Every structure is written in C-alpha cells, then in structure tokens.
Amino acid sequence: MKVTIPPYVHSYPAPVILIGCGTVDNPNIITCSWFGTVCSEPPMVSVSIRQSRHSFPLVKETGEFTANIPRVSDLEKVEFCGYKSGRSVNKFKELKLTPLSCPPLDSAPMIEECSLILACKVKHEIPLGSHNMFIAEVVAVHCEEDMVRRTKTAVPFPEEQLIYLDKRYWTPKLLK
C-alpha cells in the first residue's frame, strides 16, 4: 500500500559542483548540487543559489561563475565550502586553493586544483522561491591536457565525481 508524504526533491541525485564567483582578487566558492545541463546548442547549464547566500549577489552582479568539478578526494573541501560562509572565511586561503583567471570570463575565478572547469556567463535569472536559478551559457571549458579526447571534449571521470542524495555525499560506486 502506498501513502502520500509531503513533496520534496532531496531524493534525486545531483552532481556536486564548486561554484567560483566574485573576482580573482576577492574570490569565493560555494558548494552546489542544484546544478545541471539545460541545453546542448548552445551549451547551457543551470545553478540554483539561495538568495541569502554570500555567493548570490556575487553571481548576480557579475553575471558569471565557474563550475569547478571536484573529485571524491576533494570531499573535505566540498564540505567546508558548503558549511562555511564567504562572509566570514576566505575559503581559498583556508583550503590553500588557488584562484585563477578563467578566460573569457571577466571576473569569476576558477580553482586551479580542479581538473575540469566550465566558464559560465549568465543569460537568464529565474526567481523560484527559496532559490534563484541562473541559466548560463558555457563559454569555455578548461581541463588538464591529458583529459582532452580526440573529439575535443574532456573525459568527465564519472567514477570520481561526487553526487548529493538525501542530504549526504555519495560516489557512483556507493550507489551501485
């Protein structure tokens, strides 16, 4: 017999992304799992950020962000960036991460220690309730040279990506 419970969306897996925002001189990182592909031509993604977060006005004002894809080995950094606010902590300094310019973006930094980064320019912002969704065009992809395939796409290392499911971080191996 089935029962009805209140609606929620935390039971669906979502990729864990480190969003770089602000500037190279004054950078911030926020952990997001409300991220996904929304279009292939042009390549576009969406990220939803709660209005109360320090990163929200940084993305809104600059109109850009980087989507830095962490690996399982980055879990402590992912958790730190999700629990600590950029209002009180410089996450790059605390975690000994390096903010780099992310061409062709004007301000949003990429994280040098991540091996796959999407440079994103916001095209649309949609207020949804607790979060606003930023729909952005991927204007460049930065990755390690050895990750580039003959097709000029990057190897996505799916076995090493983190996902968020039911308020916990998981790896694809743990979900099998």
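None of the figures in this text is laboratory data; all of them are computed from the coordinates on show. This is a predicted model, so every value here is computed, not measured. We place every Cβ from the backbone using ideal geometry, glycine too, and count neighbours over all the protein chains shown.
Listing for the model above:
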| quantity | calculated |
| --- | --- |
| Long-range HN-HN contacts of CYS102 with modeled amide H, under 5 Å | MET110 |
| Helix-only [θ]222 nm of the chain, DSSP H runs n ≥ 4, -39500 (n - 2.57) each, per residue, nearest 500 | -3500 deg cm²/dmol |
| Within the chain: Cβ-based charge dipole about Cα centre, in debye rounded to nearest 20 (Lys, Arg +1; Asp, Glu -1) | 600 |
| The stretch 7-67: chymotrypsin sites (Phe, Trp or Tyr not before Pro) in DSSP coil with no more than 12 other Cβ atoms inside 10 Å | TYR8 |
| Three-way shape call for the stretch 15-170 based on the alpha-carbon gyration tensor, with the a/c threshold at 1.5 | rounded |
| Order of LEU95, LEU165, LEU118 under a 10 Å beta carbon neighbour criterion, fewest first | LEU165, LEU95, LEU118 |
| Within the stretch 122-176: Cβ-based charge dipole about Cα centre, in debye rounded to nearest 20 (Lys, Arg +1; Asp, Glu -1) | 240 |
